[in-house]
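S.K.: Dumping the structure here so I can ask a few things about it.
Rule-based calculations on the coordinates, nothing more; no lab input. Since the model is a prediction, treat every value here as computed from it, not as a measurement. Note that we place each Cβ from the backbone using ideal geometry, even for glycine, and neighbour counts take in every protein chain shown.
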Amino acid sequence: MSYLVIFAVVLVLLNTYPVLASQDLLFTSKRDALKSQAAVMASALMELESLSADQVARVMNMLDNMGLTRILVTDPAGLILYDSTRQPTEETDAPPEYRYALYQEVMSALRGNDVAYSRYTDRAFTSTAACPIVYRGMVIGAIYVLEVDEVQGALLLSLQANLRSISLVIAVVTLVMSALFSKVLTARIAALLRAIRIVGEGEYGHRLQPVGRDEMAQLAGEFNHLTDRLQTTEEVRRRFVSDASHELKTPLAAIRLLADSILQNGEMEPEVVRDFVTDIGSEAERLTRITEHLLALTRLDSLPEGERWVVDVSQVTERTVALLQPVADAAGVTVEKYLKPDCMILCTEDDLSQICFNLVENAIKYNYTGGKVFVFVYRDGDQVLLEVGDTGVGIPEEDLPKVFNRFYRVDKARSRAAGGTGLGLSIVRDTVRRHGGWVTARPRNPEGSLFTAGFPRYVPQRGEKGETP
Ligand code: ADP
């Protein structure tokens with residue numbers, strides 16, 4: 001609609017301005033030409049001392065009438081002495097009102113002024129001019145010329161007609177094109193809206209077919225890209241929910257079974273009852289661990305980044321390993337530490353301790369009696385690396401990329417027996433990334449596995465003192 005309005009304004013301007021401008025130009029040139037023609041005639045008549053009809057007719061007959069429609073010569077009273085449209089004999093017979101030229105132009109000329117007028121009426125340009133005939137400073141008469149130009153008028157008319165037909169064609173083409181374009185555009189917008197609604201209702205597989213390379217096609221591409229991400233996120237969420245409920249269901253079912261057995265079997269040995277209740281306790285403990293891990297992951301997903309402090313990785317690792325020493329002793333595993341000083345990063349002590357705890361605990365859990373765990377902390381360029389290696393069961397090559405996935409376990413039975421939840425490494429990966437770091441898992445030579453976490457090293461600015469809270 002707005003384009004149509006713009007076009008309408010342009011067409012109206014196109015139809016009026018050129019016609020008016022050319023009309024104006026013609027008016028000026030006609031007035032100038034007539035004025036000079038009247039002046040030429042007046043100067044010829046000035047040669048005569050006094051104007052009489054005969055003398056004027058003689059002079060005028062010698063002059064070319066230069067294509068003028070009518071030439072009048074009057075005396076100072078306005079009495080017509082010569083009229084190019086009449087014979088001299090007609091003049092005297094004419095009634096008095098026809099013998100005087102009482103035109104406004106003649107009156108002005110008799111007062112000593114040169115005048116010229118032009119107008120466009122009845123498909124013709126009518127131009128008049130008059131000027132005084134002066135002899136020794138006295139106005140002895142006036143000359144009046146009239147020109148009716150139908151040729152130029154017809155030209156102007158045909159110009160107008162041409163412009164009108166061109167405008168009509170442009171108007172029709174514009175109307176058709178606008179209707180067509182808006183139909184095509186609205187159809188594509190409607191398709192996009194429909195797609196948004198379908199995806200909004202949960203059908204994440206729906207995609208648009210981008211046509212062409214214009215903005216609408218780009219929009220469709222972006223929409224598909226967005227829907228791809230939405231679909232992936234939705235799949236991850238569904239898998240997580242189903243895995244989480246499955247993980248929670250298993251210990252709950254065990255608790256239920258054990259409790260039912262105790263209830264239904266009235267003559268159960270007190271020893272067996274004690275065993276069953278112990279099992280119920282450990283299953284409940286498992287449930288607590290899973291919910292704690294789930295909560296930790298949710299917090300990592302949803303909480304904004306908190307305040308960070310300068311933390312010494314070696315110090316935190318030292319404390320965490322000390323915390324796990326009884327577990328290592330119980331499993332018959334030796335932990336060896338190689339901690340370099342001055343390994344500062346920006347983190348929180350809790351997060352770093354959690355990362356270190358999970359990695360070292362796994363290295364102990366998935367180890368053999370008499371096995372070893374090596375913990376290294378050192379600087380490597382602008383990074384601080386935390387490496388946890390072990391001589392344990394190792395991880396098969398094909399499982400390596402998946403160990404950081406939620407609920408992924410290489411050996412389910414072993415993990416369960418060791419009290420694992422399958423969430424420890426996910427928590428490690430999410431926490432490390434939260435602090436701008438990375439973590440990898442690879443096989444260790446000759447046996448076991450090696451986990452490496454890297455963090456951007458903190459370098460104190462000049463005049464600043466790194467402090468732990
Ligand atoms: P879990 O609670 O089961 O230990 P994690 O997310 O910590 O869960 O680890 C995922 C899986 O990766 C474990 O179930 C285990 O199979 C494997 N894994 C992790 N650390 C080690 C390791 N040091 N040596 C061998 N396998 C490991």
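S.K.: Would you mention how many residues in segment 376-401 are within 21 Å of Val333 (Cβ to Cβ), more than 7 Å from the ligand (Cβ to nearest atom) and assigned to a loop (DSSP other than H, G, I, E, B)? Step through it out loud before you land on a result.
M.R.: Kept after step one, since they are within 21 Å of Val333 (Cβ to Cβ), are these residues of segment 376-401: 376-377, 386-395.
Subsequent filtering for residues that are more than 7 Å from the ligand (Cβ to nearest atom) retains 376-377, 386-389, 391.
Checking which are assigned to a loop (DSSP other than H, G, I, E, B) leaves us with 391.
Number of matching residues: 1.
S.K.: So how many residues does segment 402-435 have that are assigned to a loop (DSSP other than H, G, I, E, B), in contact (Cβ under 8 Å) with a residue 40 or more places away in the chain, more than 7 Å from the ligand (Cβ to nearest atom) and within 49 Å of the chain's Cα centre (by Cα)?
M.R.: 3
S.K.: Among the residues in segment 353-367, are any assigned to a helix (DSSP H, G or I), in contact with a strand residue (DSSP E or B) (Cβ under 6 Å, 6 or more places away or on another chain) and either away from the ligand (no atom under 16 Å from the Cβ) or more than 26 Å from Val377 (Cα to Cα) (or both)?
M.R.: Taking every residue of segment 353-367 in turn, none turns out to be assigned to a helix (DSSP H, G or I), in contact with a strand residue (DSSP E or B) (Cβ under 6 Å, 6 or more places away or on another chain) and either away from the ligand (no atom under 16 Å from the Cβ) or more than 26 Å from Val377 (Cα to Cα) (or both).
S.K.: Among the numbered criteria (1) within 30 Å of Met1 (Cβ to Cβ); (2) without any contact (Cβ under 8 Å) to a residue 12 or more places away in the chain, which one does Asn265 miss?
M.R.: Of the numbered conditions (1) within 30 Å of Met1 (Cβ to Cβ); (2) without any contact (Cβ under 8 Å) to a residue 12 or more places away in the chain, the odd one out for Asn265 is (1).
S.K.: Which numbered condition in (1) surrounded by fewer than 17 Cβ atoms within 10 Å (Cβ to Cβ); (2) over 53 Å from the mean Cα position of the chain (by Cα); (3) among the hydrophobic types (A, V, I, L, M, F, W, C) is the only one that Ile280 fails?
M.R.: Ile280 satisfies all of (1) surrounded by fewer than 17 Cβ atoms within 10 Å (Cβ to Cβ); (2) over 53 Å from the mean Cα position of the chain (by Cα); (3) among the hydrophobic types (A, V, I, L, M, F, W, C) except (1).
S.K.: Within the bounds of segment 268-290, is there any residue that is on the phi < 0 side of the Ramachandran plot, assigned to a loop (DSSP other than H, G, I, E, B) and touching a residue at least 12 places away in the same chain (Cβ under 8 Å)? Please lay out each step first, then the result.
M.R.: Going through segment 268-290, the residues on the phi < 0 side of the Ramachandran plot turn out to be 268-290.
Okay, now just the ones that are also assigned to a loop (DSSP other than H, G, I, E, B), so 268-269.
Those left that are additionally touching a residue at least 12 places away in the same chain (Cβ under 8 Å): none.
No, segment 268-290 has no match at all.
S.K.: Follow-up. Give the residue, chosen from Leu257, Leu252, that is within 25 Å of Lys365 (Cβ to Cβ) and in a helix (DSSP H, G or I). Steps first, please.
M.R.: Numbers: Leu257 fails: within 25 Å of Lys365 (Cβ to Cβ).
Within the list Leu257, Leu252, the selection yields Leu252.
S.K.: Are any residues in segment 445-459 within 16 Å of the ligand (Cβ to nearest atom) and touching a residue at least 40 places away in the same chain (Cβ under 8 Å), and if so, which ones? Write out each step before concluding.
M.R.: In the first step, residues of segment 445-459 are kept if they are within 16 Å of the ligand (Cβ to nearest atom); the result is 445-453.
Correct list: Glu447, Gly448, Ser449, Leu450, Phe451, Thr452, Ala453.
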